[in-house]
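Shown next, in structure tokens, is the structure this report addresses.
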Amino acid sequence: MMRITADKHFLDAVVAAFSPIADVKALVLSGSIVTGYGDELSDYDFYVYSDREIESGARQAIAEQFTDRFNIDNHIYETDDEWLLSSGRIVEFIYRSRQWVEDQIDRVWLHGNASVGYTTCFVYNVRNSVVLHDPDGWFAALQATTLSPYPLLLQAAIIRKNMFALDWRYNGSLLSQVVNAEKRGDAVSVNHRIGAFLASYFDILFAANTVLCPGEKHLIRYAVDTCRDLPKGFPDDVEKLVREQKSEYASALVENLTALLRASHLI
């Protein structure tokens, strides 16, 4: 496992640039660069928490202290800025509301609400962040919440919701959609449905092992590293499904995952 060491001088400079802004309530470093799953393509992923969005002009002024290559105020997924350093390393700043992330942790971790795929990825993000600036201790307190034992209510909810999404007997299930797209010869739809199928598959697998979902990268390696129980045929059937795009491998994944859950008395 490659661990990328963040440059301390760079981190100190980033903290020095952001900490004087009163609206910045916490600044943390997260992502694969600090979890041990990074590589030479990994970004620096900074998360800036505030009660109101940091003004884009102030963010650009900070970027100009470090590089002349940047994009400010992007909104592809969340509000973010992207820098390209002279070293070739990409730096991303994601701006989040404190209330928003508190609501995510409360909804999932404290009240056991599941999603169709990626249920615990925000919990994983908060738990695995390195605190750089947290003047009131707010982020540390939030992070401490995520360190509690994996809630069994949440485990059951994830398995129940996502197994329904994979149930071949339900025509609207993701497995049925993969099969139907394959029958139509619609390669784009097959690819799209397999992506959604695997999101639910891994959500169940991680929940069964009381492991947090890390997002969408390095899932096979992460599962092998962290899950005590893996289904028969894993990871070969996952790799075959992605490579060959055939529903028979999706069906095998569901069958073997179901067997694992039954053996563990989770369904």
Open item on the list: Suppose we take every Cα in region 166-267 and form the convex hull; what volume per residue is that in Å³?
Closed with: 93 Å³
TODO: Filter the cross-link list Lys8/Lys240; Lys25/Lys161; Lys8/Lys161; Lys183/Lys217 down to pairs whose alpha-carbon distance in this structure exceeds 32 Å.
DONE: Lys8/Lys240; Lys25/Lys161; Lys8/Lys161
- [ ] Assign unit charges at the C-beta atoms only (+1 for Lys and Arg, -1 for Asp and Glu), then state the dipole size of the chain relative to its Cα centre in Debye, rounded to the nearest 20.
- [x] 1120 debye
TODO: With both partners inside the chain, how many of the DSSP beta bridges are antiparallel, as a percent to the nearest 5?
DONE: 70 percent
- [ ] Give the Rg (one decimal place) followed by the Dmax (whole number) of region 144-218, computed from C-alpha coordinates and expressed in Å.
- [x] 14.6, 49
- [ ] Output ³J(HN,Hα) for region 134-146: one whole-Hz value per residue in order, computed from phi by the Karplus curve 6.51 cos²θ - 1.76 cosθ + 1.60 with θ = phi - 60°, and x for Gly and Pro.
- [x] 7, x, 9, x, 5, 5, 4, 5, 5, 4, 4, 4, 6
TODO: Within 10 Å, count the other beta carbons around each residue, average over each peptide in 193-206, 242-255, and list them highest first.
DONE: 193-206, 242-255
Open item on the list: Relative to 2.2 N^0.38 Å, what does the C-alpha radius of gyration of region 1-143 come to as a ratio? Two decimals please.
Closed with: 1.04
Task: Geometric extent, Cα atoms of the chain - Rg, Dmax (angstrom) - done: 20.4, 59
Open item on the list: Please compute the Kirkwood hydrodynamic radius over region 85-129, one decimal place, Å, based on all pairs of different Cα atoms.
Closed with: 12.3 Å
Task: the chain, helix-only ellipticity at 222 nm - DSSP H runs n ≥ 4, -39,500 (n - 2.57), divided by all residues, nearest 500 - done: -14500 deg cm²/dmol
- [ ] Could you go through region 161-166 in sequence order and give the Karplus-derived ³J(HN,Hα) for each residue, using 6.51 cos²θ - 1.76 cosθ + 1.60 with θ = phi - 60°, rounded to whole Hz, and x for Gly and Pro?
- [x] 5, 7, 5, 4, 5, 9
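Let's test the formula: R0 of 41 Å, r as the Cβ-Cβ distance of Asn74 and Asn171. What FRET efficiency results, to the nearest 0.05?
0.60
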Task: Overall Cα dimensions of region 96-200 - principal axes, largest extent first, Å - done: 57, 27, 19
Open item on the list: Taking θ = phi - 60°, what integer Hz values does the Karplus form 6.51 cos²θ - 1.76 cosθ + 1.60 yield along region 175-180, in sequence order, with x for Gly and Pro?
Closed with: 5, 4, 5, 4, 4, 5
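Throughout, read-outs are computed from the coordinates displayed, never taken from laboratory work. None of the values given here were measured: they were computed from a predicted structure. Don't worry about glycine lacking a Cβ; one is built from the backbone with ideal geometry, like all the others, and counts go over all protein chains shown.
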